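I have placed the structure first, in the form of structure tokens, so that the comments after it can refer back to it.
The values are calculated or read from the model by the stated rules, or taken from the named source; none is laboratory data. This structure is a prediction, so every number in the text was calculated from the model and none was measured. All Cβ positions, even for glycine, are placed from backbone atoms using ideal geometry, and neighbour counts span all protein chains on display.
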DNA sequence: CAGAATACTTCAAGACTTGAAGCAAGGCTA
DNA sequence: TAGCCTTGCTTCAAGTCTTGAAGTATTCTG
């Protein structure tokens, strides 16, 4: 293989992500959520202005109709509400309900406790963060997140 | 948030993975593959002894019936074959066909070219690899891969 | 040898994803 | 400002993915 380190890093990234999902599966199921719906919840930061469906679709790398489905799942569970964007009445903003904020907080906390990445020291986490942010800044689609 | 670095790292891991998937989607579609089926192909190393369905399920964090489905997808496309494990006739070993090896090689190469992680220098990749392998060694389920 | 365990398959149900078609709102231009 | 194009979202149909329960064949164990 031409780039064994790169191969190992790509594989490790995937493995760690899948393992994290595996470890929080029970907690998600307790709220009738799945990796896909949890990820949608994750990317709605309650301290930021509510994202539109369009913005959510970009964050989750999915298309509009997919996001309609995911949003319905969250709305059916009482975790988010759609409101009309007063600045653009075609657009729907996704707002966490009180329950949505509570569940998001709890599950994010669980994910951070259970992820294998939690074994790293503060210093190692900073190193890792530096490297990953360098990667993200290099990619236009990722740069607008970090 | 109690651990902002950890949060950022978990999010970055996921974002980079999803972005990589996004970037190779075209190449996968060219072989009628999806992220799930490509991942299955990825974890069959042609230079190692062929894995059983059971081993594959562990590697992919999925259950046996799920793996039957994924294997059927790959077998229908002529990329893998099931053979009876001579040492345990309950077990089926997954062997890449010649076409399977070719497609795997091509798509792995594409993934390594397109992943945003490819911007890192050799030195940075080594740093990243060191950190991620430390994470993997700390988790029993991950340790047996790296 | 009988019963339990293992490896896989089948089936049914639900969750996810995509693309095509449609609707309402906003933008543009003659 | 009417007509047309674009945007943001929804609906629908089709296909993919995932799970759990039940079933089959094989192996293990007492």
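Hey, any hits in the range A:27-37 for a residue that's in a helix (DSSP H, G or I), within 29 Å of residue A:118 (Cβ to Cβ) and more than 13 Å from DNA strand C (Cβ to nearest atom)?
In the first step, residues of the range A:27-37 are kept if they are in a helix (DSSP H, G or I); the result is A:27-29, A:35-37.
Of the ones still in play, those that are also within 29 Å of residue A:118 (Cβ to Cβ) are A:27-29, A:35-37.
The next check asks that each one be more than 13 Å from DNA strand C (Cβ to nearest atom); those that pass are A:27.
The answer is yes; a qualifying residue exists.
Would you please name the residue that is farthest from the other protein chains (Cβ to nearest Cβ), looking only at residues in the range B:69-82 that are assigned to a helix (DSSP H, G or I), more than 7 Å from DNA strand D (Cβ to nearest atom) and surrounded by 15 or more Cβ atoms within 10 Å (Cβ to Cβ)? Working first, answer last.
Pass one, the range B:69-82, residues assigned to a helix (DSSP H, G or I): B:69-76.
Keeping just the survivors that are more than 7 Å from DNA strand D (Cβ to nearest atom) gives B:71-72, B:74-76.
Okay, now just the ones that are also surrounded by 15 or more Cβ atoms within 10 Å (Cβ to Cβ), so B:71, B:74-75.
Working: B:71: 18, B:74: 18, B:75: 23 Å.
Ranking the qualifying residues of the range B:69-82, first place goes to B:75.
Conditions tested, residue by residue: (1) modelled with pLDDT under 95; (2) within 12 Å of DNA strand C (Cβ to nearest atom); (3) farther than 19 Å from residue A:10 by Cβ.
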site: B:59; (1), (2), (3): no, yes, no
site: B:64; (1), (2), (3): no, yes, yes
site: B:67; (1), (2), (3): no, yes, yes
site: B:79; (1), (2), (3): no, no, yes
site: B:104; (1), (2), (3): no, no, no
site: B:134; (1), (2), (3): no, no, no
site: B:139; (1), (2), (3): yes, no, no
site: B:143; (1), (2), (3): yes, no, no
site: B:146; (1), (2), (3): yes, no, no
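One line per residue, one yes/no per condition, for (1) touching a strand residue (DSSP E or B) at 6+ places or on another chain (Cβ under 9 Å); (2) on the phi > 0 side of the Ramachandran plot; (3) in a helix (DSSP H, G or I):
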residue	(1), (2), (3)
A:21	no, no, yes
A:24	no, no, yes
A:46	yes, no, no
A:62	no, no, no
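Of the residues A:55, A:10, which is part of a helix (DSSP H, G or I) and away from chain B (no Cβ under 11 Å)?
Details: A:10 fails: away from chain B (no Cβ under 11 Å).
A:55 is the lone residue from the list that is part of a helix (DSSP H, G or I) and away from chain B (no Cβ under 11 Å).
Every residue, every condition in (1) without any contact (Cβ under 8 Å) to a residue 24 or more places away in the chain; (2) more than 14 Å from every other protein chain (Cβ to nearest Cβ), yes or no:
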residue	(1), (2)
B:61	yes, no
B:90	yes, yes
B:93	no, yes
B:99	yes, yes
B:110	no, no
B:115	no, no
B:119	yes, no
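Looking at the range A:135-146 only, could you name the residues that are assigned to a helix (DSSP H, G or I) and either on the phi > 0 side of the Ramachandran plot or facing another protein chain (nearest Cβ under 7 Å) (or both)?
We begin by selecting, within the range A:135-146, every residue assigned to a helix (DSSP H, G or I); these are A:135-138, A:140-143.
Once the filter is applied, which keeps residues that are assigned to a helix (DSSP H, G or I) and either on the phi > 0 side of the Ramachandran plot or facing another protein chain (nearest Cβ under 7 Å) (or both), the range A:135-146 yields A:135, A:136, A:138, A:141, A:142.
So which residues in the range B:84-131 are exposed (fewer than 13 other Cβ atoms within 10 Å of the Cβ) and within 16 Å of DNA strand D (Cβ to nearest atom), if there are any at all?
Residues satisfying the conditions are B:84, B:86, B:87, B:88, B:89, B:90.
Could you tell me whether the range A:10-17 includes any residue that is within 14 Å of DNA strand D (Cβ to nearest atom), in contact (Cβ under 8 Å) with a residue 60 or more places away in the chain and crowded, with 20+ Cβ neighbours inside 10 Å? Walk me through it before giving the result.
At the first step, the residues of the range A:10-17 found to be within 14 Å of DNA strand D (Cβ to nearest atom) are A:14, A:17.
Cutting the leftovers down to in contact (Cβ under 8 Å) with a residue 60 or more places away in the chain gives us none.
No - not one qualifying residue is present in the range A:10-17.
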